[in-house]
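What follows is a set of notes on a single structure, which appears directly below.
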């Protein structure tokens with residue numbers, strides 16, 4: 001049972017435009033959400049996070065939005081750059097959420113391709 | 001600080017053999033985690049340590065898997081009697097204490113292929 005779902009396996013966006021990556025979750029015990037970026041042959045790299053008490057968090061070109069009532073979050077990248085081409089994982093944590101008290105539950109990832 | 005280091009990067013083994021992977025976390029990090037990632041999936045939590053104590057194990061960690069973290073420094077993950085289904089990327093991560101669930105640093109992983 002996938003508790004964190006990323007329904008788009010891939011997304012293609014033109015350089016300079018906005019990239020929007022979506023994530024849905026089912027477990028109401030999740031109270032912290034993270035986005036990781038992964039290049040081939042490397043481990044995931046932490047990108048940005050948001051607590052469930054907020055609905056938006058911004059860091060440079062990256063903004064994460066959280067809609068608790070819809071159990072949905074999204075990552076916006078503006079403007080998109082060629083170096084943003086990677087797999088993006090949505091992850092969630094929360095006490096007794098199934099990933100261990102300190103573990104993360106990941107989605108399957110979305111492969112973002114930035115086209116010149 | 002060179003980040004989280006994992007060795008070997010790649011391991012090919014025959015079914016039924018035992019394999020051991022090593023993870024060296026960031027030196028000041030107390031918490032160390034093991035994850036497994038198979039093709040087309042996100043990383044899946046296996047287990048984690050607070051210093052040398054193994055605090056939690058996922059149901060994914062069958063009795064053929066064992067992890068240790070002697071002296072609270074590096075960690076090893078051993079798989080006994082490997083099966084083809086064990087083929088995956090094994091990721092290690094570390095974090096400062098109390099901040100684990102807020103994001104941690106991953107290593108580059110060990111890719112295991114069981115033939």
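Points worth noting:
- FRET E, pair residue B:38, residue A:28, Förster distance 22 Å, beta-carbon r, rounded to 0.05: 0.20
- Computed over chain A: relative contact order in percent, which uses C-alpha pairs under 8 Å that are six or more apart: 37
- Ratio of the Cα radius of gyration of the stretch B:49-99 to 2.2 N^0.38 Å, where N counts its residues: 1.25
- Under conditions of 20 °C and 1.002 mPa s, the protein assembly as shown yields 119 µm² s⁻¹ as its translational diffusion coefficient, taking Rh as the Kirkwood radius over Cα pairs in the Stokes-Einstein equation.
- Fewest-first ranking of A:65, B:45, using other Cβ atoms within 10 Å as the exposure measure: A:65, B:45
- Rg over Rh for chain A works out to 0.96, using Cα positions for both radii and the Kirkwood form for Rh.
- Mean projected area (nm²) of the alpha-carbon convex hull when the stretch B:19-115 is viewed from all directions: 5.9
- Centre separation in Å (Cα based) which lies between the stretch B:17-79 and the stretch A:43-93: 27
- Computed FRET value (nearest 0.05) for residue A:113 with residue B:2, which takes r as the C-beta separation and R₀ as 30 Å: 0.50
- A Förster distance of 22 Å, applied to the separation of the beta-carbon atoms of residue A:74 and residue A:17, puts the FRET efficiency at 0.90.
Throughout, read-outs are computed from the coordinates displayed, never taken from laboratory work. Keep in mind it's a predicted model, so treat the numbers as computed, not measured. Positions of Cβ are generated from backbone atoms using ideal geometry, with glycine treated the same way; all protein chains shown enter the neighbour counts.
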